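Q: Have a look at the structure that comes next, please.
The values are calculated or read from the model by the stated rules, or taken from the named source; none is laboratory data. A quick note: this is a predicted structure, and the numbers were derived from the prediction, not measured. In this analysis, Cβ positions are derived from the backbone assuming ideal geometry, glycine residues included, and neighbour counts consider all displayed protein chains.
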Amino acid sequence: MRTERRGFVIHHGFLDRPAQERLVETLRGVLQEAPLVQPVTPRGRPMSVRMSAAGEYGWITDRKGYRYSETHPDGQPWPPIPAQVLEIWREVSGSARDPECCLINWYGEGARMGLHQDRDETDFGEPVVSVSLGDEGMFRMGNEERGGKTESVWLKSGDVVVMGGEARLRHHGVDRIRFGSSTLLPQGGRINLTLRVVT
């Protein structure tokens, strides 16, 4: 089922359970090459999510600021974006280009992501595609300017969100995780993939 809210296009149940399981197994291999790290904001505050990436670039944050980097914080190049992930992008994004970054965020119990814009990319005409795996997350959709009324929706495992057009620069975030709501990840938690064209 496909719905649209504030320009965010939500493909509910886009990935069935076998496809989710295959993707999780693939991501385990990616994370062996590029382990999850707990990033800190430029002010030195640890984030509640853990992050990694695949592709030509990964998005990182530390005391030097928010930015894309061609290497993992350990200095190694990021592994390539898996074929299954590229297939999702090609089916839903409407873009003629392939993504250059697949950001991997892992949310444990109590983790969240405050309202933010994705503004570190060069071309805002290219969408951001988000893939949810594991526990349900409360996804909040705001406005291009900070503040004002927002809407929220629970994203379930297998849901895919396309943030393009009017939604591309809207603030968005994840307020909370319904920990234990999915059996996909044996120890619980939520994996969120966000695919972006960087340059």
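Q: One residue is enough: does the range 104-127 have a residue meeting the conditions aliphatic (A, V, I, L, M) and assigned to a loop (DSSP other than H, G, I, E, B)? Steps first, answer last, please.
A: Taking the range 104-127 and keeping what is aliphatic (A, V, I, L, M), we get 104, 111, 113, 115.
After this cut, where a residue has to be assigned to a loop (DSSP other than H, G, I, E, B) as well, the list is 111.
Yes, there is a match, as at least one residue in the range 104-127 is aliphatic (A, V, I, L, M) and assigned to a loop (DSSP other than H, G, I, E, B).
Q: Would you pick out the residues in the range 126-158 that are surrounded by fewer than 19 Cβ atoms within 10 Å (Cβ to Cβ) and either touching an Asp or Glu at 6+ places or on another chain (Cβ under 9 Å) or not small (Gly, Ala, Ser) (or both)?
A: 138, 143, 144, 145, 146, 149, 150, 151, 152, 153, 154, 156
So that you can scan it fast, the table gives a plain yes or no per residue for (1) in a loop (DSSP other than H, G, I, E, B); (2) under 23 Å from residue 127 (Cα atoms); (3) of a type outside the set (Val, Ile, Thr):
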{"position": "3", "(1), (2), (3)": "no, yes, no"}
{"position": "9", "(1), (2), (3)": "no, yes, no"}
{"position": "15", "(1), (2), (3)": "yes, yes, yes"}
{"position": "18", "(1), (2), (3)": "no, no, yes"}
{"position": "21", "(1), (2), (3)": "no, no, yes"}
{"position": "29", "(1), (2), (3)": "no, no, yes"}
{"position": "42", "(1), (2), (3)": "yes, no, yes"}
{"position": "51", "(1), (2), (3)": "no, yes, yes"}
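Q: In addition: Hey, could you check the range 5-56 for residues that are surrounded by 11 or more Cβ atoms within 10 Å (Cβ to Cβ) and of a type in the set (D, E, K, R) and say which is nearest to the chain's Cα centre (by Cα)?
A: So, considering only residues that are surrounded by 11 or more Cβ atoms within 10 Å (Cβ to Cβ) and of a type in the set (D, E, K, R), the one nearest to the chain's Cα centre (by Cα) is 50.
Q: Considering the range 57-66 alone, what residues qualify as being over 21 Å from residue 99 (Cβ atoms) and either surrounded by 17 or more Cβ atoms within 10 Å (Cβ to Cβ) or not acidic (Asp, Glu) (or both)?
A: Looking only at the range 57-66, we keep the residues that are over 21 Å from residue 99 (Cβ atoms), and these are 62-65.
Listed by number, the residues that qualify are 63, 64, 65.
Q: Moving on. Six or more apart or on different chains, Cβ under 6 Å: which pairs go from a residue in the range 172-199 that's at positive phi to one that's hydrophobic (A, V, I, L, M, F, W, C) and in a loop (DSSP other than H, G, I, E, B)? Could you list them?
A: 188/179
Q: Kindly indicate which of 131, 153 is at pLDDT 95 or above, closer than 22 Å to residue 47 by Cα and either part of a strand (DSSP E or B) or more than 11 Å from the chain's Cα centre (by Cα) (or both).
A: Details: 153 fails: closer than 22 Å to residue 47 by Cα.
Exactly one residue qualifies, and that residue is 131.
Q: Please verify whether the range 140-162 includes one or more residues that are without any contact (Cβ under 8 Å) to a residue 24 or more places away in the chain, out of contact with any Ser or Thr (no Cβ under 6 Å at 6 or more places or on another chain) and among the β-branched types (Val, Ile, Thr).
A: So far as the range 140-162 goes, no, none of its residues is without any contact (Cβ under 8 Å) to a residue 24 or more places away in the chain, out of contact with any Ser or Thr (no Cβ under 6 Å at 6 or more places or on another chain) and among the β-branched types (Val, Ile, Thr).
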